[in-house]
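Before any comments, here is the structure.
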Amino acid sequence: MHFTASDGVFLAFAAITVGSAVVVTLARSLIYSAFALLFTFFGVAGLYLLLGADFIAASQLLIYVGGILVLLLFGVMLTHKLYDLDLKSEVTQFAPAAIVAAGLFVVLAVLGFRTTWKIGPGRAPSATTDEIGHLFMGQYLLPFEAASVLLLVALIGAAMIVRRKKEA
Amino acid sequence: MNAVDLRPAYPAIIVAVTAVVVLLLQAFAGKGKHGPYVPFSLAGLAAAFLATVMIASSQERGLGSHTGGALVADELALFLEAVILGVALLAVLLSSSYLRATNSERGEHYALLLFSVVGMLGLVAVTEMISLFVALEIMSVALYALCGSRRDQVESQESAVKYFITGAFSSAFLLFGIAMLYGVSGSTSLGRIGSAVTSASDPNHGLVLLGVGLLLVGFGFKIACVPFHMWAPDVYEGAPTTVTAFMAAGVKVAAFGALLRVFGTGLASLADDWRPLVAILAVFSMVLGNLAALAQSSVKRMLAYSSVSHAGYLLAALVAAPRVSAEAVIFYLVGYAAVNLGTFGALSSLARDGREPVTFDHLSGLSRRHPVLAAAFTVFLISLMGVPVSAGFVGKFYLFTAAVGAGYTPLAIVGVLMSVVSAYYYLRVVVHMYMKDAPVEDAWAPVSTTSALALAVSVLVVLGLGIWPAGVLALAHAAAQSLL
């Protein structure tokens with residue numbers, strides 16, 4: 001087995017993703033977690049790019065890093081209670097959690113190597129947006145349109161929950 | 001470009017448009033006033049019901065290939081869609097007086113309820129995994145918000161947060177499972193997934209099993225079977241009671257409809273692998289659900305645990321061959337939906353000034369103040385127990401017959417034994433209503449006309465199915481036959 005340049009890049013991105021994800025979970029301050037999440041999202045975007053999924057990688061950066069994460073950071077920084085919050089990250093139920101996690105890791109790893117994955121043609125299409133656009137407007141038209149209903153529901157629900165109760 | 005035939009989606013589209021209209025009614029109602037939400041919601045749901053019936057009776061129904069194959073309009077989908085729309089109609093009727101009594105009437109409430117119906121309608125008709133996920137999320141997200149719609153109650157907020165977190169968690173399992181199955185089959189369509197792996201000697205068998213297991217966990221959360229039931233008591237108790245009624249009836253119908261389709265068609269070839277898992281879930285749900293219900297002092301919590309145990313009874317039938325189990329499950333779901341609307345609806349119809357009956361003691365002496373309501377409540381409880389002349393008896397009979405026919409006799413025995421146990425806590429409610437003295441002051445409201453109408457329909461369905469089950473059984477049979 002040759003160790004190619006792309007393997008090295010993959011390992012680098014994977015290390016960034018996993019390493020920062022560990023920080024996200026273990027950090028005692030919410031703001032550290034949020035910043036570490038930045039690198040997790042970045043690493044995942046890198047992995048997408050490596051797989052030839054340029055559109056998804058760009059969306060990942062735009063939506064998660066540019067949108068959700070910035071919102072999260074503003075939310076944390078503008079809220080005193082959250083900013084100063086000392087997160088409890090004490091370990092409870094260590095043994096069962098470790099057993100389940102290790103077991104799941106072994107199962108996934110073994111299956112990952114044993115499975116003959118359904119792999120498409122060797123190269124990703126040069127312009128993935130073309131393909132995605134056709135799928136959205138053809139085969140997946142209905143779930144694509146239904147997703148907009150989902151977003152509308154989420155908006156209405158959020159508005160209803162945060163609205164101040166009228167003085168009766 | 002092929003023209004897309006949207007006919008299978010008509011009922012869902014009608015309901016979605018109604019939801020938007022109801023939302024706009026609120027905007028135009030003026031400050032501090034309420035628009036005519038209830039009539040519009042009822043009209044929209046009735047129109048969708050009519051559309052469903054018309055699609056069912058039309059000759060060219062357009063099976064399969066339409067809407068990109070994402071939705072079908074087969075007998076299973078149409079029948080369950082009609083049931084869901086019926087549930088929604090009754091839930092809107094119950095909501096109208098409950099929301100006024102709890103001072104939380106708002107257009108958004110009805111709009112979200114209708115949107116949730118859109119998700120449910122999709123869920124029973126999808127044949128493709130991405131659509132399944134989107135439909136499930138539409139249903140769930142609307143319900144999360146509805147659970148938290150009582151701003152004045154901290155329990156309501158707690159129930160929304162709990163439901164949201166466990167719901168998001170279970171969606172992750174479901175997605176992971178879908179990804180695994182996609183990795184094997186290269187497709188999200190149930191038919192392709194089913195044909196990708198057929199034999200146990202296939203090298204990909206392990207991955208498929210993992211995918212099936214994860215799917216089962218995801219669905220397990222939605223139907224609240226043990227050990228994925230932890231959220232149910234808190235959510236059922238904290239949510240506004242009419243939302244609980246709608247949730248307990250509608251989500252069960254929609255989720256079991258999707259479960260039937262996914263496991264009955266797509267994963268039918270792997271039945272030998274998932275049957276033992278389903279049987280284990282069924283036993284745990286039946287035993288733990290019933291035992292936990294014994295210890296409750298809140299009626300809503302007791303009913304929540306009872307719904308866990310009923311998920312177990314339903315799962316017990318799922319071990320049978322797809323068509324046999326589908327027939328039993330579909331028939332049971334109809335009666336069970338009516339019963340759930342009835343029990344929670346009866347509690348909600350007594351609400352006054354933001355208060356409603358919660359504990360067993362609150363129901364003491366109900367038979368003297370509200371003799372008709374107490375009688376209706378008794379009918380629902382009798383059906384939950386599975387006593388003859390009620391929908392519950394006929395339904396349980398078919399569920400357990402299906403389990404026995406598949407060679408899982410112990411499941412049926414556990415089910416019957418646990419039904420006997422359940423009589424204790426169901427009858428406790430009856431004892432309180434008929435044999436305990438009422439508190440001096442009458443705290444509960446008289447039942448409104450709309451609530452009474454909804455409860456009367458529920459009683460008629462429960463008794464009708466118990467006395468004359470043939471009509472619905474024939475429909476359930478046709479629906480089951482439409483499974484591939």
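The values are calculated or read from the model by the stated rules, or taken from the named source; none is laboratory data. Since the structure is predicted, the reported quantities are computational estimates derived from the model, not experimental observations. Don't worry about glycine lacking a Cβ; one is built from the backbone with ideal geometry, like all the others, and counts go over all protein chains shown.
Hey, among the residues in segment B:61-113 that are within 10 Å of chain A (Cβ to nearest Cβ) and under 29 Å from B:A478 (Cβ atoms), which one's modelled with the lowest pLDDT?
Of segment B:61-113, the ones within 10 Å of chain A (Cβ to nearest Cβ) are B:66-71, B:103-104, B:106-109, B:111-112.
Next, from what is left, pick out any that are under 29 Å from B:A478 (Cβ atoms): B:66-71.
On the way: B:H66: 47, B:T67: 50, B:G68: 55, B:G69: 64, B:A70: 77, B:L71: 83.
Within segment B:61-113, the match that is modelled with the lowest pLDDT is B:H66.
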Next item on the list: Specify the residue that is surrounded by the most Cβ atoms within 10 Å (Cβ to Cβ); the eligible residues are those in segment B:126-155 that are touching a residue at least 40 places away in the same chain (Cβ under 8 Å), at the interface with another protein chain (Cβ under 7 Å from one of its Cβ atoms) and of a type in the set (S, T, Y).
Entry: B:S131
Notebook entry, point to check: Checking A:T116 against (1) facing another protein chain (nearest Cβ under 10 Å); (2) within 22 Å of A:Y48 (Cβ to Cβ); (3) not in a helix (DSSP H, G or I), which test does it fail?
Noted result: (2)
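Is it fair to say B:L175 is buried (at least 22 other Cβ atoms within 10 Å of the Cβ) and either assigned to a helix (DSSP H, G or I) or without any contact (Cβ under 8 Å) to a residue 24 or more places away in the chain (or both)? Quick ask: steps written out before the conclusion?
Values: buried (at least 22 other Cβ atoms within 10 Å of the Cβ): no; either assigned to a helix (DSSP H, G or I) or without any contact (Cβ under 8 Å) to a residue 24 or more places away in the chain (or both): yes.
No, not satisfied.
Has segment B:278-288 got any residue that is in contact with a strand residue (DSSP E or B) (Cβ under 8 Å, 6 or more places away or on another chain), crowded, with 24+ Cβ neighbours inside 10 Å and aliphatic (A, V, I, L, M)?
Going through segment B:278-288, the residues in contact with a strand residue (DSSP E or B) (Cβ under 8 Å, 6 or more places away or on another chain) turn out to be none.
No, because not a single residue in segment B:278-288 is in contact with a strand residue (DSSP E or B) (Cβ under 8 Å, 6 or more places away or on another chain), crowded, with 24+ Cβ neighbours inside 10 Å and aliphatic (A, V, I, L, M).
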Next item on the list: Give the residues of segment B:320-343 that are surrounded by fewer than 24 Cβ atoms within 10 Å (Cβ to Cβ) and either touching a Ser or Thr at 6+ places or on another chain (Cβ under 8 Å) or free of Cβ contacts under 8 Å to residues at least 40 places away in the same chain (or both), sorted by residue number.
Entry: B:P322
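Among the listed residues B:A179, B:A145, identify the single one that is more than 17 Å from the chain's Cα centre (by Cα), among the small types (G, A, S) and closer than 25 Å to A:W117 by Cα.
On the way: B:A145 fails: closer than 25 Å to A:W117 by Cα.
Exactly one of B:A179, B:A145 is more than 17 Å from the chain's Cα centre (by Cα), among the small types (G, A, S) and closer than 25 Å to A:W117 by Cα, namely B:A179.
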Note to self: Out of the residues in segment B:178-195 meeting the condition of being surrounded by fewer than 19 Cβ atoms within 10 Å (Cβ to Cβ) and outside any helix (DSSP H, G or I), tell me which one is nearest to the other protein chains (Cβ to nearest Cβ).
What the structure shows: B:G186
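B:G257: crowded, with 24+ Cβ neighbours inside 10 Å and more than 14 Å from chain A (Cβ to nearest Cβ), yes or no? Give the derivation first.
Working: crowded, with 24+ Cβ neighbours inside 10 Å: yes; more than 14 Å from chain A (Cβ to nearest Cβ): yes.
It is true that B:G257 is crowded, with 24+ Cβ neighbours inside 10 Å and more than 14 Å from chain A (Cβ to nearest Cβ).
Consider B:G218 carefully, then state whether it is under 16 Å from B:S325 (Cβ atoms) and in a helix (DSSP H, G or I). Full working, then the answer.
Values: under 16 Å from B:S325 (Cβ atoms): no; in a helix (DSSP H, G or I): yes.
Here the answer is no, as B:G218 does not meet what is asked.
Could you tell me whether B:V212 is under 25 Å from A:F113 (Cβ atoms), hydrophobic (A, V, I, L, M, F, W, C) and modelled with pLDDT of 90 or more? Talk me through it step by step, then tell me what you get.
Working: under 25 Å from A:F113 (Cβ atoms): yes; hydrophobic (A, V, I, L, M, F, W, C): yes; modelled with pLDDT of 90 or more: yes.
Criteria met by B:V212.
Considering B:A73, B:A91, which residue is part of a loop (DSSP other than H, G, I, E, B) and touching a Gly at 6+ places or on another chain (Cβ under 9 Å)?
On the way: B:A91 fails: part of a loop (DSSP other than H, G, I, E, B).
Answer to the selection: B:A73.
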Notebook entry, point to check: Mind checking which pairs have a first residue in segment B:378-392 that is touching a residue at least 60 places away in the same chain (Cβ under 8 Å) and a second that is in a loop (DSSP other than H, G, I, E, B), Cβ under 8 Å, 6 or more apart or different chains?
Noted result: B:V379/B:S390; B:S383/B:S390; B:A391/B:P469; B:G392/B:G386
